[in-house]
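The values are calculated or read from the model by the stated rules, or taken from the named source; none is laboratory data. Small disclaimer: the values here were computed from a predicted structure and weren't measured. In this analysis, Cβ positions are derived from the backbone assuming ideal geometry, glycine residues included, and neighbour counts consider all displayed protein chains. These accessible areas exclude ligands, DNA and RNA; they are computed on the full protein's heavy atoms, side chains included. Shrake-Rupley method; radii C 1.70, N 1.55, O 1.52, S 1.80 Å.
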Amino acid sequence: MAGMAAKVVEQYFLAEGTHPELLRDDLLRTGWSFEGGSIDIFFHFDESDSHVHVEGVNFIKVPESKYDAMYKVLNECNDQYTHVKFVLDTENGQLNARDDDVIQLDSCGPECYELMLRMVKVVEAAFPSFMKAMWA
């Protein structure tokens, strides 16, 4: 049943009023705004449709001169938030938020919607710390 989870999640997101984009049979993208910015969230489903990798990108650009300051804040945030982990992508000069979870095909729509909301809330909560590190 590979590829079914992405289609189920796409339909659920459409019903919830989000605007998902099915990029491949196993990859879905959507965007979300939060106070202070916005984030693009990708959902990558495994072949068995039982696991999803969620990655949030494009919410903050980090100049190379601020990498050292950002690592300290990343460690603090990764210690504070249990489900979403932050990574500094030095190749693209941006922060990424990541989560990996187990899903079930019959309930993956609401599960992925909850994962998306959780990621947005965590990014929104951590955003001021990242900005402070950038402008300190």
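Here are a few things to note about the model shown:
- Total lysine pairs in the chain at Cα distances under 28 Å, for residues eight or more apart or on different chains: 15.
- Relative contact order of the chain, defined on C-alpha pairs under 8 angstrom at six or more residues apart (%): 25
- J(HN,Hα) series, segment 19-34, from Karplus relation 6.51 cos²θ - 1.76 cosθ + 1.60, nearest Hz, glycine and proline x: 10, x, 10, 7, 8, 8, 4, 10, 9, 10, 10, 8, x, 8, 9, 9
- For segment 40-97, the dipole from Cβ point charges (+1 on Lys and Arg, -1 on Asp and Glu) about the Cα centre works out to 320 debye, to the nearest 20.
- Each Lys and Arg Cβ is given +1 and each Asp and Glu Cβ -1; about its Cα centre, the chain then shows a dipole of about 580 debye.
- Residue-normalised accessible area of segment 24-136, expressed per residue, 1.4 Å probe, Å²: 53
- For segment 49-58, 3J(HN,Hα) per residue [Karplus equation, 6.51 cos²θ - 1.76 cosθ + 1.60, θ = phi - 60°, Hz, x = Gly/Pro]: 6, 10, 9, 9, 9, 10, 9, x, 9, 6
- Shape call, segment 47-97: gyration tensor on alpha carbons, a/c limit 1.5: oblate
- Binned Cα-Cα distance frequencies in segment 20-136 - 10 Å width, integer %: 13, 46, 29, 11, 1
- Per-residue ³J(HN,Hα) for segment 86-98, Karplus 6.51 cos²θ - 1.76 cosθ + 1.60, θ = phi - 60°, Hz, x for Gly and Pro: 9, 9, 8, 8, 6, 5, 10, x, 8, 8, 10, 10, 9
- Net length gained if the chain between HIS19 and ALA69 were fully extended (0.36 nm per residue, minus Cα distance): 14.5 nm
- Rounded if a/c under 1.5, otherwise prolate or oblate - segment 1-63, Cα gyration tensor axes: oblate
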